[in-house]
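Report on the structure given below.
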Amino acid sequence: VMNPAWKGSVTDPSIGNGSILFSYEENYKSIFYNVNITTGSTTNLGSGDWKFELPYWTNTARKEVGQWAMYRPGLGWLHGAVVCTDPGSIHSIQLLDSASGNYIGAANPASIPAGSSLQITYNYSRG
């Protein structure tokens, strides 16, 4: 089992006084992976695009996708697809914005205020 983590492509984010919960369930070779993040006033978003490391390797022959949604107080909702982008030694997922087609990270979207809530769901086959 790997240790799920929230990473930045340049520098890693830190949760500060926000909250982060990684959870997963395993049913034979199927993994049901969830991430919930709520930003706080001292949350550091890091820099670059975000990646979320998976608890188990993924079967890279299959192209599973998931979904994510983010609520930003005063700004509304964003959502998109979750894609496996790192089939190397540490398997990771990234968040693709359905409106812009860009990966989500510290600078995209431009504003992620304290109290923002991010939910990620990704179901995949264990490698």
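Computed with a 1.4 Å probe over protein heavy atoms only, the accessible area of Y103 comes to about 80 Å².
The portion of the accessible surface of the chain made up by carbon and sulfur, rounded to a whole percent, is 51 (1.4 Å probe; DNA, RNA and ligands excluded). Spin-label model, Y71/S30: points 7 Å from Cα along the beta carbon direction are separated by 2.8 nm.
Where nothing but the Cβ of Lys and Arg (+1) and of Asp and Glu (-1) is charged, how large is the charge dipole of the chain around its Cα centre, in debye to the nearest 20?
With Lys and Arg at +1 and Asp and Glu at -1, about 120 debye.
E26 contributes about 80 Å² of solvent-accessible surface, heavy atoms of the protein only, 1.4 Å probe.
With one equal scatterer per alpha carbon and no solvent term, the Debye-computed log10 I(q)/I(0) for the chain at 0.11 1/Å reads -0.35. With the Kirkwood sum run over all distinct C-alpha pairs, the range 69-125 has a hydrodynamic radius of 12.4 Å. K7 contributes an accessible area of around 70 Å² to the protein surface, as traced by a 1.4 Å probe with all chains present. The accessible-area ordering, largest first, of the residues L21, L96 stands as L21, L96, per a 1.4 angstrom probe. You can think of it this way: the chain between R126 and N44 has 26.4 nm of extra reach, that is 0.36 nm per residue less the Cα-Cα gap. For the set L75, L54, solvent exposure ranked by accessible area (probe 1.4 Å, protein chains only) runs largest to smallest as L75, L54.
The values are calculated or read from the model by the stated rules, or taken from the named source; none is laboratory data. Every value quoted in this text rests on a predicted model; they were computed, and no experiment measured them. Every residue, glycine as well, gets a Cβ built from its backbone with ideal geometry; the counts of neighbours run over all protein chains shown. Note: areas computed on protein heavy atoms with side chains; ligands, DNA, RNA excluded. Shrake-Rupley method; radii C 1.70, N 1.55, O 1.52, S 1.80 Å.
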